[in-house]
Structure formats: C-alpha cells, structure tokens
Amino acid sequence: MTQPTAANPSDPARLVLGIETSCDETAAAVVRDGREVRSNVIASQNELHAEFRGVVPEIASRAHCERIAPIVRRALDEAGVGADALDAVAVGNRPGLIGSLLVGVAAAKALAWRLGKPLIAVDHVHAHLYSGLMHHAGQPARDEPAWPAIGLAVSGGHTSIYRLDDPSRVHRLGGTIDDAIGEAYDKVAAILGLPFPGGPHVDRLAATGRPDAVPLPVSRLDRDGLDFSFSGLKTAVLYAVQGVPGPRAPKAVRPPDADVCASFQRAAVAAVILKLRRALDRQPECRTLLVGGGVTANSRLRAELTSLASSHGLDLRLPPMDLCLDNGAMIAGLGDRLLRQRAPDDLSIAATPTTAV
Ligand code: KG4
Ligand code: ZN
C-alpha cells in the first residue's frame, strides 16, 4: 500500500477518529483539531466482568470484536460526519491486554487502509495525560498551556509522574513499584464486598465516613523519591477490616465501611499529593499540571489537586468527567497532535502490552 501522508499541518480543521480497546471499554470518538470532542462513544463491559471481580481477558477481547464496528459507526453518526470526511485514524496500541488491543489495532488498520487515510499509533497512558487539554463541542475552548508541565497519570494500571516539555515529549520521573492506585481502590472495594470496579463505590461511601477514623499509613518510600507504593496500604485495610492474622492477635472490631473508605481515600490521595509536591519542588519551571486516568474522577483527589494548584499558582488541567475513564477522544486528540509533528505510522504497527512513557 502507498502510505498516505499526514494532512497539511497548518490546516486548522482536521477530524481524527480515535479508537480505544486497551482493556474493557470499547470506545471511539471524533475530535476536531486535536482539542474539540465532536463525539465520544464508550461501551463499558463492567457487567460482563463483575462476577469475576476483575477483567477476564478472553471475555474482554470477544466483547470488543462484537462491539467495535457499531461503536465506530455511532461515533461517526454522533459527530455528524461520514468516514470519508476523516483526516486520520488514531488507535491506542499500548499498553493493555494484548487480545483487547489487537481488536482496536486491526479495526484501525482496516479503516485507514480502506479510506486511504493516515494511521497513527498512540500510547494510552500518554493519551490520559493529554485528556485535560480537550473540551466538548459547544464548551469554551481551552488555551494551550505553558510548557514544561508536570503530568500525573492515575489509573487502574498506572500511577506515574512525568515532566512534559510539550505534548509529545514525556519523561517519566517516578511511578508505582507495586499496585496502581486504581487497583488499590478496586482491591479495597473487594475486601468490603463492594461491586467491581470499586473506585466509584469507595469514593461514594467515603463521602459519609470519617477520614481519621481508621489509622492507615501514608506511603512515603524514601525521603526524596518520586515512586509510589500502594500494597502496604491495601494490606493495612485488610487487617483493619478482617483483623491481623495469628493466634495471639486481638480480635478485630470491624469499623463501618464508610469510615474504612474515607480513611483509605485520605491516605491514598495524601500519598499522591506528597509526591506531586516533591516533583513540583524539583521542577519549579513547571507551571502547568496535567492529570489523567480513571482515578482523576475521584472527588477527594480532584478537590486536593484544585487546592494544590491554587496554593502553588499552577494551571491545573483536569479532564471533564467523561474523559477521565478510558475513551477514544484522548486517543484522537493526542493522535492529531503527534501527526502534526511526525509522519504517520504504517500497517506494521503492533499491539504492545507495555507503555512507552
Ligand atoms: O483509566 P481507567 O479507565 O483504566 C485504566 O487505564 O486502568 O481507570 C480505571 C480505574 C479503576 O481502577 C477504577 O476503580 C478507578 O479508575 N476509578 C476510580 C473512580 N472512578 C474510577 N477510583 C477512585 N475514585 C473514582 N471516582
Ligand atoms: Zn486508562
């Protein structure tokens, strides 16, 4: 196949289709100019995985196969554009479950080839960092922020801090050495018998609990590192709820679930804010804070990030709620930005389980 070239980079009105199937959401979106979300269609598979309390890879990839074509069609319909009007096709090709990624990558290649349009592969974690720069059609456009920026990715699979010199140049400063923060939320929910995925349920219950009711550790790891650890906090919650194992351990009195949730949430969010403060102290030239990933939907994290930004005079870019969780819009948005800087990919792009950032 002759490789199409990117659309003229100076053409301001470009429509990019974004496809996202890295885990258990089948998603597609149309984005104009890398920023304006024209449509954002997300089919969640929560109901298929709930009884297993986690994503079952084989079930996820089968569901993606069934849903991908109708979801792409709906994204085009809701944006009011035909496939021929697209300027490019972007796809999340890493990181994620390999069987899930393959469905989106195959669909994107087929579409790009059939339409003769440029194809661009996008890293999912990188796209989460970009999501705060986007807005919905009809809402006020967001200006380009000042660079460099500090980036925070908080999701079910990743918890990392970055320095971004511009939207495409990302340097990892630190990350979790064990569980991701979203994974810790999901495991705490499982300990309490709450449905999967647990993050939103823990967040909701925490609103009526006391954050200081259950003493739980805030992970620091070392005096000046930027890595995270959430496995100790998760075990502390397990012991607070079920008691410390061993014949001589005192019998535990189980605290109210709302108090457990509020106390866990206080400790988890405090660990994130602590490392962000350290990162900002080390990178004083960064006046912009980009955050993204499913846990960005968390009420306490949003509130604490907002007050951190106001006390440090930072330009905080919180994504709209529907762009916090996995979505195709962030893939299309970052794909457009990357296409303005580099040549499109060809049909040899591969699905890859690990992140590149
Ligand atoms: O970004 P995402 O949709 O998928 C990954 O890339 O992993 O993030 C999903 C994670 C899940 O662990 C889910 O429990 C968590 O985000 N999450 C939340 C909230 N909403 C979703 N965690 C805490 N509070 C929330 N409100
Ligand atoms: Zn994600």
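The values are calculated or read from the model by the stated rules, or taken from the named source; none is laboratory data. Model, not experiment: these values are computed from the prediction. Glycine also receives a Cβ, built like all others from the backbone with ideal geometry; neighbour counts cover every protein chain displayed. All accessible areas refer to the heavy atoms of the entire protein, side chains included, with ligands and DNA or RNA removed. Shrake-Rupley method; radii C 1.70, N 1.55, O 1.52, S 1.80 Å.
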Worksheet item: Once you charge only the Cβ atoms, +1 for Lys and Arg and -1 for Asp and Glu, what is the size of the charge dipole of region 149-318 about its Cα centre, to the nearest 20 debye?
Response: 280
Response to the item:
Quick calc: nm separation of the 7 Å Cα→Cβ label points for ALA13 and SER299 -> 4.3
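Given the alpha-carbon gyration tensor of region 149-318, what are the semi-axes of its equivalent ellipsoid in whole angstrom, ordered largest first, with each equal to the square root of 5 times an eigenvalue? List each step's numbers first, then the result.
On the way: eigenvalues 181, 50, 38 Å².
Taking √(5λ) for each eigenvalue gives 30, 16, 14 Å, largest first.
Calculate, in nm to one decimal, what LEU238 and ALA356 gain on full extension: separation in residues at 0.36 nm each, minus their alpha carbon distance. Walk me through the intermediate numbers first.
Working: separation 118, 0.36 × 118 = 42.48 nm, distance 3.33 nm.
That works out to 39.1 nm of additional length.
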Worksheet item: Ignoring ligands, DNA and RNA, what percent of the 1.4 Å accessible area of the chain is carbon and sulfur?
Response: 54
Worksheet entry | Spin-label pair ALA50/ARG210, simplified geometry with 7 Å Cα→Cβ offset, distance in nm | 3.3
Fill in: Alpha-carbon Debye profile of the chain, log10 I(q)/I(0) at 0.06, 0.08 Å⁻¹
-0.22, -0.39
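As a check on your grasp of the helix formula, calculate [θ] at 222 nm for the chain: sum -39500 (n - 2.57) over DSSP H runs of n ≥ 4, divide by the residue count, round to the nearest 500. Could you put the intermediate results ahead of the total?
Working: 10 runs with 135 residues, N = 357.
For the chain, the value works out to -12000 deg cm²/dmol.
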Worksheet item: Put +1 on the Cβ of every Lys and Arg and -1 on every Asp and Glu Cβ in the chain; which of VAL244, ALA268, ILE59 then has its Cα farthest towards the positive end of the dipole?
Response: VAL244
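Restricting things to Cα coordinates, could you compute the convex hull volume per residue of region 61-195 in Å³? Working shown, then result.
Working: hull volume 22.1 nm³, N = 135.
Spelled out: Cα convex hull of region 61-195, divided by residues, is 164 Å³.
Please calculate how many Å² of accessible area the chain carries per residue, with a 1.4 Å probe and no DNA, RNA or ligand atoms counted.
Per-residue value: 41 Å².
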Fill in: Cβ-derived FRET efficiency at R0 45 Å, ALA141 paired with ILE59, nearest 0.05
0.70
Item to complete: Exposed loop trypsin sites (Lys or Arg not before Pro) only (DSSP loop, at most 12 other Cβ atoms within 10 Å): please give the longest stretch of the chain free of them, not including the sites.
Response: 1-222
Worksheet item: What does a probe at LEU221 reach in region 184-201, counting residues whose amide N is under 19 Å from the point 7 Å along Cα→Cβ?
Response: 184-185
Item to complete: Kindly list the residues of region 36-61 that lie in the label zone of ALA110, defined by a backbone N under 17 Å from the point 7 Å along the Cα-to-C-beta vector.
Response: 61
Item to complete: Please report how many Lys pairs in the chain have alpha carbons closer than 21 angstrom, counting only residues at least 8 apart along the chain or sitting on separate chains.
Response: 4
